[in-house]
Amino acid sequence: MDLTASAITKSSNTSFYYSFSLLPRQKREAIHAVYAFCRYTDDIVDEGTDQQSKILRLRRWRMELGRSLRGKSSYVILNQLGATARKFNIPVDHFYDLIRGMEMDLSKTRYETYEELYATAISSLPPSDSCAARFSGTGTLRRATTRSISALRSS
């Protein structure tokens, strides 16, 4: 795939592309890169029916993510993401967490404890939340999710 992050965001048929257009150019390009990564990662899991193929594609995607941090991925959008992470000092753990969350979605559909549910919920949060929070100075969805799950646990 050689689409740019902006092209992926625009073709997603959501309002994200247009809402992101209000950001300054550098931040807009950064959020497009993060959104495109999230969209493509989610598509790996959602498209098709062969579980083994999805697992293999996620493994390759994870490997390519690592290469992108050095600007050497074979995917344009991952190289854009790597440059964004470096420029805006975005922790790459968020990107790996999303992949891990998708892998968990493929292997497990029921959770015995709140701790298992929490681990899945936190790892499945899109990195775009952290990126948007970094740009806007607001709290993160991760923090809100932690509070919600804690409230569920204590009820």
How many residues are surrounded by fewer than 13 Cβ atoms within 10 Å (Cβ to Cβ), within 14 Å of the chain's Cα centre (by Cα) and part of a loop (DSSP other than H, G, I, E, B) when one looks only at the range 57-110?
1
Restricting the range 30-50 to residues that are at pLDDT below 85 and farther than 22 Å from D97 by Cα, the one surrounded by the most Cβ atoms within 10 Å (Cβ to Cβ) turns out to be G48
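Condition check ((1) at pLDDT below 90; (2) under 19 Å from Y35 (Cα atoms)) across all residues:
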position	(1), (2)
R57	no, yes
L81	no, yes
D93	yes, yes
M104	yes, no
Y111	yes, no
T120	yes, no
Checking S53 against (1) modelled with pLDDT under 90; (2) farther than 24 Å from A30 by Cα: exactly one of these is not met. Which one?
(1)
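Looking only at the range 39-74, count every residue that is in contact (Cβ under 8 Å) with a residue 40 or more places away in the chain and either within 19 Å of D93 (Cα to Cα) or out of contact with any Asp or Glu (no Cβ under 8 Å at 6 or more places or on another chain) (or both) and tell me the total.
Count: 6.
The values are calculated or read from the model by the stated rules, or taken from the named source; none is laboratory data. Note that the coordinates shown come from a computational prediction; the quantities given were computed from them, not determined experimentally. Here Cβ is always computed from backbone atoms with ideal geometry, including for glycine, and neighbour counts include all displayed protein chains.
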